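Below: one structure, written as structure tokens.
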């Protein structure tokens with residue numbers, strides 16, 4: 001298939017992402033993976049990476065006994081680690097190093113673009129762009145009610161974030177312990193997703209952001225659970241693990257993991 005054909009298929013399926021599995025460039029790796037939304041190819045995405053890894057195991061394209069393998073994506077090699085609990089598989093992907101970017105000072109404009117006010121924002125936490133391959137702007141809110149009250153609307157978000165390269169918006173609240181309640185909006189971006197039920201590519205930097213600004217307590221090993229997609233009726237639980245060196249506030253390792261629920265199989269005639 002050509003890239004144009006892959007994009008056309010992704011547009012036809014109209015799912016958040018469609019992946020295409022190709023022979024690896026490096027024989028030590030399991031596969032090369034290209035990821036498409038209905039509108040654009042992505043260099044990296046979490047949800048489809050975990051799903052593709054599960055399919056490779058289920059179809060015996062990866063040896064069922066291995067405990068790790070590597071996928072080649074646009075950002076480079078993405079290691080996948082496998083945990084087994086009886087018949088249940090949890091797949092963990094390793095994120096590239098985290099990068100903390102621009103702080104967005106227009107807090108009232110950001111709140112208004114989400115149909116909120118500055119009273120909903122956590123006062124001492126910045127609104128900041130953070131990434132491990134794809135940029136997201138992180139907005140910390142006071143509680144899950146504020147997260148649920150937010151509205152995904154393309155024009156207001158484009159007006160606020162146009163000067164910053166139109167990153168997707170990830171809003172969340174710390175809900176106690178090491179738990180977060182999250183939503184992701186991207187109607188103003190090239191991917192044109194009103195809301196995503198589970199965003200693995202954002203969940204790694206989410207964990208690093210939450211720890212850096214004290215919403216989750218830092219420790220040598222931090223485990224976080226992010227509940228996402230509940231408001232839209234597609235509840236997901238994304239697991240995040242971060243390792244920190246002594247005295248450091250930037251993680252030396254970020255993994256995001258979860259289980260897969262198969263929904264359908266189909267054949268496509270080209």
Residue check, residue 139 assigned by TED's automatic domain parsing to the domain that holds residue 192, under 19 Å from residue 188 (Cβ atoms), touching a helix residue (DSSP H, G or I) at 6+ places or on another chain (Cβ under 6 Å) and without any contact (Cβ under 8 Å) to a residue 60 or more places away in the chain: no
Checked 192, 183 against criteria (closer than 24 Å to residue 15 by Cα, in contact with a strand residue (DSSP E or B) (Cβ under 8 Å, 6 or more places away or on another chain) and surrounded by fewer than 17 Cβ atoms within 10 Å (Cβ to Cβ)); the one match is 192
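Residue-by-condition table, conditions (1) surrounded by 16 or more Cβ atoms within 10 Å (Cβ to Cβ); (2) more than 23 Å from the chain's Cα centre (by Cα); (3) closer than 23 Å to residue 97 by Cα:
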site	(1), (2), (3)
37	yes, no, no
45	yes, no, yes
49	yes, no, yes
57	yes, no, no
65	no, yes, no
71	yes, no, yes
Expected single match for more than 23 Å from residue 204 (Cα to Cα) and out of contact with any helix residue (DSSP H, G or I) (no Cβ under 6 Å at 6 or more places or on another chain) among 43, 24 is 24
Sole miss for residue 121 among (1) surrounded by 15 or more Cβ atoms within 10 Å (Cβ to Cβ); (2) in contact (Cβ under 8 Å) with a residue 24 or more places away in the chain; (3) more than 18 Å from the chain's Cα centre (by Cα) is condition (2)
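The values are calculated or read from the model by the stated rules, or taken from the named source; none is laboratory data. Keep in mind that what you see is a predicted model, and the values were worked out from it rather than measured. No Cβ is skipped: glycine too gets one built from the backbone with ideal geometry, and neighbour counts run over all protein chains shown.
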